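**Student:** Structure in structure tokens, see below.
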Amino acid sequence: MFNTNEVLETIDMIEREHLDIRTVTMGISLMPCIGGSAEKTADKVYDTVCKKAENIVKVTQELTREYGIPIVNKRVSVTPASLICAPFANKSSLIGKALDNAAKQVGVDFIGGYTALVHKGMADYEKEFILTIPEVLANTERLCSSVNIGSSKSGINMDAVKLMGEIIKDTAEKTSARGGFGCAKLVIFCNAVEDNPFMAGAFHGVGESGTVINVGVSGPGVVQHAIESIPDADLTDLAEMIKRTAFKITRAGQLIAREAAKRLNAEFGIVDLSLAPTPARGDSVAAILEEMGLESVGTHGTTACLAMLNDAVKKGGVMASSRVGGLSGAFIPVSEDIGMIEAAERGKLCIDKLEAMTAVCSVGLDMIAIPGDTKASTISAIIADEAAIGMINNKTTAVRVIPAPGKKVGDEVNFGGLLGRAPVMPVHGDCADKFISRGGLIPAPIHSNKN
Amino acid sequence: MRAVLTVVGKDKTGIIAKVSGFLAERKVNILDISQTIMEDYFAMIMLVDVGGASISLSQLAEECAEMGKNIGMSIHVQHEEIFNAMHSV
């Protein structure tokens, strides 16, 4: 029989502390869809996604009822579309539209994989594909895009970095009526992972099998509550408590992932244990850092607290599941975390500090609104800085910034829902034009030569 | 298939009678019961077998939650595996 306290603890976590399965993401290989023409391929892409993900909403609803744990998002990720579109790159938008329509048909809120991997070099067809991104993001609702521009093994493709600064600006312009919303669906990666279930950066890597289920678990509120329960503990005990909590959360995720995979005729891929905040109060990573003893997130000590949190989360997660993957760690998206939003509004959190934080947590500069008149080369330089942190530290870093058209520091952009609202944050005014225009490849670091 | 049913709320007479009667009507077999009062709050955990039940686990969860509302208690029915997964190494 079960221990009463354990049973009630689980129910408390779900009812009061926002424990949930943040996403059940089905990864689908589109390789078999490549046909003789863009039109034929688009039809096959639509049919494949609709068929494979047909029951994803139904099955996740069933699981929610049976296990009593909410599954917040259902999503689909696909093979990087630049590969599927290679023979007819100028018509890539047809594939984008097919993916968006398929997402709508099966009832998922986002579909990821309008993606190009150009971390070492950019083929002509990839460049042509990337140039379609702004238009495609402006004309679709649910499609997400990502581009990998660097890796620890290959270095940083600065030609791609330069291009992506321009693409982000263009995407913001083309979606200016909605505050540059398109940029919220576009992630620039260094060391992108192939099994990430979280949007907007999810895609289904070419090393993956045909159809897999990856699950992202979350629970900033649960961790915050666990820390609150031992207010005077030293940091060793605190780390232990976080680890244990992460263990429990991951176990719940693994259970759902296995069961979902079975019912959807897919392989169980990975559990991504990430502390992914939402704009809801009590679901904030910033609040965890403040609970550790900081007056405000962004002050001195923030990086250390985040480093400990991220590491403890990983350790608990690895112990709990044989298949931990994705990004697994703490997310610090500004617009999606009420604590981060408020700290930014109070002027307590700046981009430079966020950049330092990305060196020790699982992702990068995420969901940050910057002034609409920020130059493309400045955005490229922000991407280069983030990529350098990822490349040297052998970790994933990403940039998802929104140069909000017509907005300046102090204004706010509101995307609504899970994407939240973002105060426009200042960037440095001195330009990096010459550096960005040099192009070429920043060579891979010495420690990449491990063979 | 086994599930864990929890009933939490302010203590009053007839809770167990109501819940067990409700389960019997749906042919849900009770395997084990543990019940305590914590600071006026009634907390009961039942291990039940829904293998022979006349309705599915998800239907049972919905109906129990509804019945709970009617008697002012919070009732959850969840597959037992969620607790095994989270609380045992």
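The values are calculated or read from the model by the stated rules, or taken from the named source; none is laboratory data. Predicted, not measured: the structure shown is a model, and the values here were computed from it. In this analysis, Cβ positions are derived from the backbone assuming ideal geometry, glycine residues included, and neighbour counts consider all displayed protein chains.
**Student:** I'd like to verify a number: residues in segment A:356-379 that are part of a helix (DSSP H, G or I), among the small types (Gly, Ala, Ser) and over 19 Å from the mean Cα position of the chain (by Cα), how many?
**Tutor:** The total comes to 2.
**Student:** Right, next: Kindly indicate whether any position in segment A:403-426 is within 22 Å of A:Met122 (Cα to Cα), in contact with an Asp or Glu (Cβ under 7 Å, 6 or more places away or on another chain), touching a residue at least 24 places away in the same chain (Cβ under 8 Å) and not assigned by TED's automatic domain parsing to the domain that holds A:Ile167.
**Tutor:** Taking every residue of segment A:403-426 in turn, none turns out to be within 22 Å of A:Met122 (Cα to Cα), in contact with an Asp or Glu (Cβ under 7 Å, 6 or more places away or on another chain), touching a residue at least 24 places away in the same chain (Cβ under 8 Å) and not assigned by TED's automatic domain parsing to the domain that holds A:Ile167.
**Student:** Another question, if that's okay. Taking the condition of being closer than 17 Å to A:Gly420 by Cα and not hydrophobic (A, V, I, L, M, F, W, C), how many residues in segment A:177-200 meet it?
**Tutor:** 5
**Student:** Among the candidates A:Glu345, A:Glu336, which residue alone is buried (at least 23 other Cβ atoms within 10 Å of the Cβ) and either modelled with pLDDT of 90 or more or not small (Gly, Ala, Ser) (or both)?
**Tutor:** Exactly one residue qualifies, and that residue is A:Glu336.
**Student:** Here is a further query. Can you find even one residue in segment A:403-426 that is buried (at least 16 other Cβ atoms within 10 Å of the Cβ) and at positive phi?
**Tutor:** Yes, there is a match, as at least one residue in segment A:403-426 is buried (at least 16 other Cβ atoms within 10 Å of the Cβ) and at positive phi.
**Student:** Has segment A:181-196 got at least one residue that is surrounded by fewer than 24 Cβ atoms within 10 Å (Cβ to Cβ), among the aromatic types (Phe, Trp, Tyr) and either modelled with pLDDT of 95 or more or not assigned by TED's automatic domain parsing to the domain that holds A:Gly326 (or both)?
**Tutor:** yes
**Student:** Taking interchain pairs and intrachain pairs at least six residues apart, which have beta carbon atoms under 9 angstrom, with the first residue in segment A:150-169 and closer than 15 Å to A:Ala116 by Cβ and the second at pLDDT below 95 and surrounded by fewer than 22 Cβ atoms within 10 Å (Cβ to Cβ)?
**Tutor:** A:Ser151/A:Ser448; A:Ser154/A:Ser448
**Student:** If I filter segment A:208-222 for residues that are away from every other protein chain (no Cβ under 14 Å) and without any contact (Cβ under 8 Å) to a residue 60 or more places away in the chain, do I get at least one hit?
**Tutor:** Taking every residue of segment A:208-222 in turn, none turns out to be away from every other protein chain (no Cβ under 14 Å) and without any contact (Cβ under 8 Å) to a residue 60 or more places away in the chain.
**Student:** In addition: Applying the selection to segment B:37-55, what residues are within 14 Å of B:Leu5 (Cα to Cα) and without any contact (Cβ under 8 Å) to a residue 12 or more places away in the chain?
**Tutor:** Of everything in segment B:37-55, nothing turns out to be within 14 Å of B:Leu5 (Cα to Cα) and without any contact (Cβ under 8 Å) to a residue 12 or more places away in the chain.
Per-residue answers, yes or no, for (1) assigned to a helix (DSSP H, G or I); (2) more than 10 Å from chain B (Cβ to nearest Cβ); (3) touching a Gly at 6+ places or on another chain (Cβ under 8 Å); (4) touching a residue at least 60 places away in the same chain (Cβ under 8 Å):
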residue	(1), (2), (3), (4)
A:Leu8	yes, no, no, no
A:Ile21	no, yes, yes, yes
A:Pro32	yes, yes, no, no
A:Gly36	no, yes, no, no
A:Lys44	yes, yes, yes, no
A:Lys51	yes, yes, no, no
A:Glu62	yes, no, no, yes
A:Glu66	yes, no, no, no
A:Ile69	no, no, no, yes
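**Student:** Here's a follow-up. Condition check: within 13 Å of chain A (Cβ to nearest Cβ), among the small types (Gly, Ala, Ser) and free of Cβ contacts under 8 Å to residues at least 12 places away in the same chain. Does B:Ala3 satisfy that?
**Tutor:** no
**Student:** Out of (1) at pLDDT 95 or above; (2) surrounded by fewer than 24 Cβ atoms within 10 Å (Cβ to Cβ), the odd one out for A:Gly269 is which?
**Tutor:** Of (1) at pLDDT 95 or above; (2) surrounded by fewer than 24 Cβ atoms within 10 Å (Cβ to Cβ), only one is false for A:Gly269: (2).
**Student:** Checking A:Lys395 against (1) touching a residue at least 60 places away in the same chain (Cβ under 8 Å); (2) within 25 Å of A:Lys314 (Cβ to Cβ); (3) assigned to a helix (DSSP H, G or I): exactly one of these is not met. Which one?
**Tutor:** Only one criterion is unmet by A:Lys395, namely (3).
**Student:** Restricting to segment A:75-129, count the residues that are surrounded by fewer than 24 Cβ atoms within 10 Å (Cβ to Cβ) and outside any loop (DSSP other than H, G, I, E, B).
**Tutor:** Number satisfying all stated conditions: 22.
**Student:** On to the next question. Might you let me know whether segment B:67-79 holds any residue that is under 25 Å from A:Ile249 (Cβ atoms), within 14 Å of chain A (Cβ to nearest Cβ) and surrounded by fewer than 20 Cβ atoms within 10 Å (Cβ to Cβ)?
**Tutor:** Yes, because at least one residue in segment B:67-79 is under 25 Å from A:Ile249 (Cβ atoms), within 14 Å of chain A (Cβ to nearest Cβ) and surrounded by fewer than 20 Cβ atoms within 10 Å (Cβ to Cβ).
**Student:** Being out of contact with any helix residue (DSSP H, G or I) (no Cβ under 6 Å at 6 or more places or on another chain), under 17 Å from A:Cys350 (Cα atoms) and not in a loop (DSSP other than H, G, I, E, B) is the filter here; which residues of segment A:405-450 pass it?
**Tutor:** Within segment A:405-450, A:Glu412, A:Val413, A:Arg421, A:Ala422, A:Val424 qualify.
**Student:** Another question about this same structure. For segment A:133-160, enumerate the residues that are within 24 Å of A:Lys407 (Cα to Cα), buried (at least 20 other Cβ atoms within 10 Å of the Cβ) and not small (Gly, Ala, Ser).
**Tutor:** Matches in segment A:133-160: A:Ile133, A:Pro134, A:Val136, A:Leu137, A:Thr140, A:Cys144.
**Student:** Here's something else I'd like to know. Residues of segment A:212-233 being surrounded by fewer than 22 Cβ atoms within 10 Å (Cβ to Cβ) and closer than 20 Å to A:Ile71 by Cα, which ones?
**Tutor:** none
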